[in-house]
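J.: The structure under discussion is supplied below as structure tokens; questions concerning it will follow.
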Amino acid sequence: MNVITNNNIKCTIALAALQNVVDPEIGLNIVDLGLIYQIDFDEANSKIYVAMTLTTQFCPMGESITGAVKRVLENTFTGMEVQLELTFNPPWSQEMISEEGRQFLNQ
Amino acid sequence: MFITNNNDNLVKNTSHKVVLPFYLYAAISFLVATILLFFSSSAFTQHYFHPKTLAITHIMALGWGTMMILGASHQLVPVLIEGRLYSIKLAYSSFVLAAVGIPLLVYGFYFFNMGWAAQWGAILINAAILAYLSNLAFSMAKSKKENVHAVFVLTAALWLLLTTLVGLLQVCNFSDTILPNDSLHYLPLHAHMGMIGWFLLLVMGVGSRLIPMFLISKYSNTKLLWVIYALINGGLLTFIIFFLYFSKTSFYFIPVAAILFAIALFGYYCYSSFKQRIRRQVDEQMKISLLSVIMMLLPVILLFIIIGWLLVNTVNTQLVLVYGFVVFFGWITAMIFGMTFKTLPFIVWNKVYHLQAGLGKTPNPKDLFSSRIFNAMGIAYLLGFVLFIIGIYNADNFILKFATAFLVLAALLYNWNVIKILLHKSTKL
């Protein structure tokens, strides 16, 4: 699934950084897992808007994952504040896993 | 494109403070049960309605199986119903009431004191289950999404309450005659409502959601789950009607066949999930969980043999003892071994590392326990399990004692790993 963004260059940097956030149960990073839907940058207000999902609502690891997303992006883009929206519309499905993610899970 | 919600409402799960006491209590109960088994092994050469056998069975069913499931379900119910747990206070209440009630009841059975200890124990256990059931029902009522898995869990909790209510009546029946027959007469009713209605239904409800989730499987079949639900509840209701109103032994083949068919369908559901998984590697905990699905068949096959035997003879007490042992020390114990090490490390990892996630390398949840001790536990358990069955069937106390030593060892190793996880402190890699 492609990530929607208003800044392709910064989004690429953000996604590279988010590859360090791993779902502890699956062992796969959240980018390849397809949890990130949208990353928008608001330079004027120093804000990053992230829309993402979890593999299931009330996932016991949910708080850790969303907290890690905020911390990683705020460390990568110093001075920017992250506003994170969690959405289940559309809900996550296996089709959202990237080709690299599938290869990892097929090992 | 996106419908946004309040994030906290979507990620806040049940606090570890509610869940962990159940896990610790269950682990200690398992150790106590195996130690009692070691010192009372000769009871398994006698009739199954023996005080010590009843005490061990109840510590296994309530202290081990039920406490573990209650703990895990407080964590997993929000995932199943896609809503928050209704009340933390009710969750704590169910723990405290059961934690006090179970030892009282077990003490009552062990020393065959059916007076205040067993009666208060049974009352407190009923209150604990009522608190759990109310919490579950209110959580489901508040959740907008209803699904088959949640219905399985709620129905299972209802059966559990019925089981403990019948148990309370049986305990009181020792002191005052309140039932038409003696307490022993109602043992099959009480036992099967608990084993089929509570354990089997709940395991299928939760397993049918978690097994495909952990395997990252595309497989889903809600219709099949409803058929399984109907077969189990229909089979159990039929058994109760036959038991209360028609005392013809051959009739019992009908409910047992329904349960066997339900287990076969559930096995097919798990196999289909396994076949259509995206994640190729299956960890040891998942393998044990899947093995416990196969182990469900063993008690049902034994039940067929017991009923067949009843048609031509009287009750074969050794077979009944093997049946009970296979349920509690076999299927339920194997399932809990898998469930503990699949859920507990994640709960503790979340507690210790949730503020460090993404800031550097942290240990994997699987590294919180020793896999070598886990494997040694598995070997000791399998040896003890098989030897104990041989010991019961041959009514040989030497084999039974030898087998229980392995089971005590398995329980010690299990506790070692559980304590190791619970005491885990943050380590940076």
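J.: Across peptide A:61-73, how many C-beta atoms of other chains are within 10 Å of each residue C-beta, on average? Don't skip to the end; give the middle numbers.
T.: Details: counts 9, 9, 10, 12, 4, 6, 7, 8, 2, 1, 5, 3, 1.
Mean number of neighbouring Cβ atoms from other chains: 6.
J.: Arrange the following residues from fewest to most other Cβ atoms within 10 Å of their Cβ: B:F109, B:F374, B:F253. Numbers along the way, then the final one.
T.: Numbers: B:F109 24, B:F374 20, B:F253 15.
Starting with the residue having the fewest Cβ neighbours, the order is B:F253, B:F374, B:F109.
J.: How large is the Kirkwood hydrodynamic radius of the stretch B:217-291, in angstrom, based on all distinct alpha carbon pairs? Present the calculation step by step, with values, prior to reporting the outcome.
T.: Numbers: mean 1/r = 0.0705 Å⁻¹.
After inverting the mean inverse Cα-Cα distance, the result is 14.2 Å.
J.: Further, regarding this structure: With only alpha-carbon atoms counted, please give the Rg and Dmax of the stretch A:4-102, in Å.
T.: For the stretch A:4-102, the Cα radius of gyration and maximum Cα-Cα distance read 12.7, 38 Å.
J.: Roughly speaking, what is the centre-to-centre gap between the stretch A:17-82 and the stretch B:51-85 when only Cα atoms are used, to the nearest Å?
T.: Cα centroid of the stretch A:17-82 versus Cα centroid of the stretch B:51-85: 34 Å apart.
J.: Let me ask something else about it. What is the packing order of peptides B:197-203, B:35-41, taking the mean over residues of other C-beta atoms within 10 Å and listing the highest first?
T.: Values: B:197-203: 25.0, B:35-41: 19.0.
Those peptides, ordered most packed to least, come out B:197-203, B:35-41.
J.: Comparing B:T314, B:T14, B:T343, which has the greatest mean-square fluctuation in the GNM of chain B with Cα pairs linked when under 10 Å apart?
T.: Its mean-square fluctuation being the largest, the pick is B:T314.
J.: With an 8 Å cut-off on Cα pairs and a minimum separation of 6 or more residues, tell me the relative contact order of chain B in percent.
T.: Dividing the mean separation by the residue count of chain B yields 17 percent.
J.: Okay, next question. Tell me which aspartates and glutamates have Cα within less than 20 Å of B:K287's Cα, excluding those fewer than 8 residues away on the same chain?
T.: Answer for B:K287, where 20 Å is the Cα cut-off: A:E25, B:D367, listed by chain and number.
J.: Among B:221-231, B:346-356, how do they line up by average Cβ neighbours within 10 Å per residue, starting with the highest? Each step should come with its number before you reach the end.
T.: Numbers: B:221-231: 16.5, B:346-356: 19.5.
Ranked by mean Cβ neighbours within 10 Å, highest first: B:346-356, B:221-231.
J.: Can you name the helices of chain B, as whole DSSP H runs, whose Cα span along the helix axis is 18 Å or more and whose Kyte-Doolittle mean is not below 0.5? Please list the in-between numbers first.
T.: Values: long enough: B:16-39 (35 Å, 1.85); B:67-81 (21 Å, 1.66); B:88-110 (33 Å, 1.57); B:116-142 (38 Å, 1.05); B:148-175 (42 Å, 1.80); B:201-215 (21 Å, 1.80); B:222-245 (34 Å, 1.75); B:253-275 (32 Å, 1.51); B:297-312 (23 Å, 3.07); B:333-353 (29 Å, 0.84); B:371-393 (33 Å, 1.71); B:397-422 (36 Å, 1.50).
Going by DSSP H runs, the hits are B:16-39, B:67-81, B:88-110, B:116-142, B:148-175, B:201-215, B:222-245, B:253-275, B:297-312, B:333-353, B:371-393, B:397-422.
J.: Put +1 on the Cβ of each Lys and Arg and -1 on the Cβ of each Asp and Glu in chain B; which of B:S371, B:V100, B:L202 then has its Cα farthest toward the positive end of the dipole?
T.: The residue sitting farthest along the positive end of the dipole is B:S371.
J.: Shielding of A:84-96 by partners, i.e. mean partner chain Cβ atoms within 10 Å per residue?
T.: Numbers: counts 3, 7, 9, 7, 5, 5, 3, 0, 0, 1, 7, 1, 0.
Mean partner-chain Cβ count within 10 Å for A:84-96: 4.
J.: Pull up the cross-link candidates among the lysines for B:K89, meaning alpha carbon to alpha carbon under 24 Å and not fewer than 8 places away within one chain.
T.: Within the straight-line cut-off, B:K89 pairs with B:K12, B:K17, B:K142, B:K144, B:K145, B:K351.
J.: Still on this structure, please answer the following. If you average the alpha carbon positions of the stretch B:241-311 and of the stretch B:325-371, how far apart do those two centres end up, in angstrom?
T.: So the two Cα centres are separated by 27 Å.
J.: How big is D, in µm² s⁻¹, for chain B by Stokes-Einstein at 25 °C and 0.890 mPa s if Rh is the Kirkwood radius over C-alpha pairs? Intermediate values should be presented prior to the final figure.
T.: Values: Rh = 22.3 Å.
Roughly 110 µm²/s, to the nearest whole number.
J.: Normalised radius of gyration for the protein assembly as shown, please: alpha carbon Rg relative to 2.2 N^0.38 Å, two decimal places. Provide the component values of the computation, followed by the final result.
T.: On the way: Rg = 24.8 Å, N = 536, 2.2 N^0.38 = 24.0 Å.
Here the answer is 1.03, to two decimals.
J.: Follow-up. Note down the net charge around A:L28, summing +1 for each Lys or Arg and -1 for each Asp or Glu among other residues with Cβ under 11 Å from its Cβ.
T.: On the way: positive: A:R102, B:R279; negative: A:D23, A:E25, A:D32, A:E100.
Charge balance near A:L28 sits at -2.
J.: For B:I301, A:I39, B:I211, which order do you get if you count the other beta carbons within 10 Å of each Cβ and list the fewest first?
T.: Working: B:I301 13, A:I39 25, B:I211 21.
Ascending Cβ contact count within 10 Å gives the list B:I301, B:I211, A:I39.
J.: Moving on to the next point. So for A:D40, B:D182, fewest C-beta neighbours within 10 Å to most, what's the order? Write down the numbers at each step before the final one.
T.: Working: A:D40 16, B:D182 13.
So the residues, fewest neighbours to most, are B:D182, A:D40.
J.: Inverting the mean 1/r over all pairs of different Cα atoms, compute the Kirkwood radius of the stretch B:11-130 and quote it in Å.
T.: Details: mean 1/r = 0.0666 Å⁻¹.
Hydrodynamic radius (Kirkwood, Cα pairs) of the stretch B:11-130 is 15.0 Å.
FYI, it's all coordinate maths here, none of it is from the lab. Just so you know, these numbers come straight off a predicted model, no measurement behind them. Cβ coordinates were reconstructed from backbone atoms using ideal geometry, including for glycine residues, and neighbour counts include every protein chain displayed.
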